[in-house]
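Written below as structure tokens is the structure these notes are about.
The values are calculated or read from the model by the stated rules, or taken from the named source; none is laboratory data. Remember, predicted model here, so these are calculated numbers, not experimental data. We place every Cβ from the backbone using ideal geometry, glycine too, and count neighbours over all the protein chains shown.
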């Protein structure tokens, strides 16, 4: 249907008309009958129409602009007011002739002539009958022609097929009026009030939303039923187009309304955030984009970041994924991509820093200086993975700070003790709730550079669980061939860790996964001698405790003898942690006296030490009386360093049974059995009567039964104890030994030599028996630590007996 042609006439065209006068009379059957009976004139002035077709009975307004048309209207209005209206074949023709117009048109009667303000003339005309041009009479000043009436076939009034078509036209017309936003709803009243079926067909045909050519074809159809059916087809097509158009507009409108709603809400949130002093989402994204331009990342990382930023920009800020995406992008911006601190290559200065902070540890300091030297020469060396292993309290962790300072790098520390979740190393996938990057990248972010000194503390205490194996995840971190592309599950990209200097610390290498241990360069940080502990206490521990307790150096003075007394009588460790606690007690003693304004001796004496710390508790380790046959001093390695142990043997009447006590492990019990069998097979060599083995039971005991003890190192110690017992000859004083034995009489080397030597020094041991193959371990120890010690290197058990057991029998020796 047309946009506004059904009954609407522009208000400008109504000027000069009475309000009560009917503008568009709806044709009744009587009116139709009257028009059909009205005769046609023989000749008519012909008015060409550019863009419309007039149907019988229909009233339409026409605006005339051509001079010929205006003159024709004026002449006809002053005369019969009847004209012939035909449509042009081409509306672009300005002065149409007979060949430019259709030959079939409609006789019209002029109802009104209106002079418009713009100078044009508007007429309201009503169609009467169809006609056909017969012959052109004149062309000037306008066309006139003879006409003949065309026959129009009308169906019978009660024809059911025709009535069905009429009902369909009305139904579809009402639906079009309802669905079309451009047709006033009042038009539905006009449709409902039309009584003449032929007028309804012509009225609808005139207002169809089709071209002039299609309307002309409808006008030329002489059978009214066929014309009605053709009009119905056009109406159906128009209704389908209108429904499709409305459906599309509805979808677009819904999407647009949703977008407008979201935009409005976002603008409100932006305003609220700005009022509260916050940053809007758009500003946050712009700020991220600006920060990204300053990063030193590569093309691949840059493309990935921009892609993820665009994803965040499309997200609704209220959804949970938005915060995860923002955290993800913030990690990208906070990580120090390709940002490195400049290494210091002043090796002398580095050596001074290492010597200043740590007394001893020569091997470690030498290795660090070597690394700096190579880095200075090549400037592209991949950082090594160092592992400092040794007992607690020897300064493994604090050594990392000194290394970082000497190299001019940032320092970060990560404790691995008890870590059992693989995600702590590799991070969580960012699809999980509460996802975070791994602690490796978190510490790199905290360091602010991609080449810090990174301390992996307690790497031997990594554990595994159903959440994965962290020690396996550490393989990629600590492999110089792989860590240039370390993959974090949260970051979802490779990150270069090859410039990081990893330093791991451990107490026990045995609990480290072999594949992980293979990737590290192992450096043993053994315990300190008494002399070293005294120096450490003097240089570092005492000044530190004085500072922490708010005292000055003049408030407390501990001399070397007093420090030695504390070390020997109150500490039993390879490191200095317990020593630090004992010195802290002495400092608190001084702090209490100062705070209470009591008099005390600034220069501490041995008596003051016993007053504050109590009686010395570890004196028994210095020396054990060897006046009894069967008592021998052995050397042992423990997780906290070296220690001495005593092995005692005793004979009793019996049938030759061997019993062992002292919470010993399987290997240690086997060593006692081997020693016993070796003695039996070589009884004559040692001067032992064979019948003794069947008359006496032997009991071997290792004191401190609550402490578990195991290992082959006590083999020669048990052998010496048994030989001393059976021969009733005592063992040399101030002598200790360690070594494994075999049934063939060989002495095998053992480990932990340095720790054992330090334990011997603390116990005032003078002589030590070792396997000859352990000589190389002694050569690695500084000479000053070995001062006062005599070493006996043996390969056979007989040599051990010759050195350890004296020729002199003990007093009150048993007669075997």
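Yes/no matrix, rows are residues, columns are (1) touching a residue at least 40 places away in the same chain (Cβ under 8 Å); (2) more than 60 Å from the chain's Cα centre (by Cα); (3) surrounded by 14 or more Cβ atoms within 10 Å (Cβ to Cβ); (4) closer than 23 Å to residue 217 by Cα:
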{"site": "90", "(1), (2), (3), (4)": "no, yes, no, yes"}
{"site": "93", "(1), (2), (3), (4)": "no, yes, yes, yes"}
{"site": "99", "(1), (2), (3), (4)": "no, yes, no, yes"}
{"site": "112", "(1), (2), (3), (4)": "yes, yes, yes, no"}
{"site": "123", "(1), (2), (3), (4)": "yes, yes, yes, no"}
{"site": "126", "(1), (2), (3), (4)": "yes, yes, yes, yes"}
{"site": "133", "(1), (2), (3), (4)": "yes, yes, yes, yes"}
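All but one of (1) surrounded by fewer than 21 Cβ atoms within 10 Å (Cβ to Cβ); (2) within 57 Å of the chain's Cα centre (by Cα) hold for residue 739; which doesn't?
Among (1) surrounded by fewer than 21 Cβ atoms within 10 Å (Cβ to Cβ); (2) within 57 Å of the chain's Cα centre (by Cα), residue 739 violates only (1).
Of (1) in contact with a helix residue (DSSP H, G or I) (Cβ under 7 Å, 6 or more places away or on another chain); (2) surrounded by fewer than 16 Cβ atoms within 10 Å (Cβ to Cβ); (3) over 30 Å from residue 465 (Cβ atoms), residue 376 satisfies all except one. Which?
It is condition (1) that residue 376 fails.
With respect to residue 688, is the statement that it is in contact with a helix residue (DSSP H, G or I) (Cβ under 8 Å, 6 or more places away or on another chain) and not in a loop (DSSP other than H, G, I, E, B) true?
In short, no.
For the stretch 118-139, give me the residue count where each residue is in a strand (DSSP E or B) and closer than 18 Å to residue 70 by Cα.
7
Looking only at residues in the stretch 754-776 that are free of Cβ contacts under 8 Å to residues at least 40 places away in the same chain and out of contact with any strand residue (DSSP E or B) (no Cβ under 7 Å at 6 or more places or on another chain), which one is farthest from residue 794 (Cα to Cα)?
The qualifying residue farthest from residue 794 (Cα to Cα) is 776.
Assess whether residue 657 counts as being touching a strand residue (DSSP E or B) at 6+ places or on another chain (Cβ under 8 Å), without any contact (Cβ under 8 Å) to a residue 60 or more places away in the chain, surrounded by 19 or more Cβ atoms within 10 Å (Cβ to Cβ) and within 25 Å of residue 744 (Cα to Cα).
no
Going by the structure shown, is residue 579 crowded, with 16+ Cβ neighbours inside 10 Å and either part of a helix (DSSP H, G or I) or more than 50 Å from the chain's Cα centre (by Cα) (or both)?
Judged against the criteria, residue 579 is a match.
Okay, residues lined up against (1) assigned to a loop (DSSP other than H, G, I, E, B); (2) at pLDDT 85 or above:
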residue	(1), (2)
590	no, yes
597	yes, yes
617	yes, no
620	no, no
626	yes, no
647	no, yes
660	no, yes
667	no, yes
670	no, yes
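Evaluate the stretch 730-741: report whether one residue or more is in contact with a helix residue (DSSP H, G or I) (Cβ under 9 Å, 6 or more places away or on another chain), within 23 Å of residue 573 (Cβ to Cβ), modelled with pLDDT under 90 and not assigned by TED's automatic domain parsing to the domain that holds residue 364.
no
Right, residue 309: under 20 Å from residue 446 (Cα atoms) and part of a helix (DSSP H, G or I) or not?
Spelling it out, it is not the case that residue 309 is under 20 Å from residue 446 (Cα atoms) and part of a helix (DSSP H, G or I).
Tell me yes or no: at least one residue of the stretch 748-758 is in contact with a helix residue (DSSP H, G or I) (Cβ under 6 Å, 6 or more places away or on another chain) and under 29 Å from residue 567 (Cβ atoms).
The answer is yes, given that some residue of the stretch 748-758 is in contact with a helix residue (DSSP H, G or I) (Cβ under 6 Å, 6 or more places away or on another chain) and under 29 Å from residue 567 (Cβ atoms).
Condition first: part of a strand (DSSP E or B) and either outside the structural domain of residue 143 (by TED's automatic domain parsing) or under 15 Å from residue 82 (Cβ atoms) (or both). Now tell me which residues in the stretch 37-58 satisfy that.
43, 44, 45, 46, 47
Starting from the stretch 47-65, keep only residues that are more than 17 Å from residue 110 (Cβ to Cβ), then list their pairs with residues that are part of a strand (DSSP E or B) whose Cβ atoms are within a distance under 6 Å, requiring at least 6 positions of separation or different chains.
Here the result reads 50/88; 53/87, each pair linking the stretch 47-65 to a residue that is part of a strand (DSSP E or B).
Given the conditions (1) modelled with pLDDT under 90; (2) over 25 Å from residue 643 (Cα atoms); (3) surrounded by 14 or more Cβ atoms within 10 Å (Cβ to Cβ), which single one is not true for residue 562?
In the conditions (1) modelled with pLDDT under 90; (2) over 25 Å from residue 643 (Cα atoms); (3) surrounded by 14 or more Cβ atoms within 10 Å (Cβ to Cβ), residue 562 misses (2) alone.
Go through the stretch 137-151 residue by residue and tally those that are surrounded by 14 or more Cβ atoms within 10 Å (Cβ to Cβ) and either in contact with a helix residue (DSSP H, G or I) (Cβ under 6 Å, 6 or more places away or on another chain) or not assigned by TED's automatic domain parsing to the domain that holds residue 203 (or both).
Here the count works out to 1.
With respect to residue 697, is the statement that it is in contact with a strand residue (DSSP E or B) (Cβ under 8 Å, 6 or more places away or on another chain) and assigned by TED's automatic domain parsing to the domain that holds residue 653 true?
So residue 697 fits the description; yes.
Does the stretch 330-337 contain at least one residue that is exposed (fewer than 15 other Cβ atoms within 10 Å of the Cβ), within 24 Å of residue 536 (Cα to Cα) and at pLDDT 85 or above?
no
Taking the stretch 140-156, which residues are assigned to a strand (DSSP E or B) and closer than 19 Å to residue 100 by Cα?
Within the stretch 140-156, 144, 145, 146, 147 meet the criteria.
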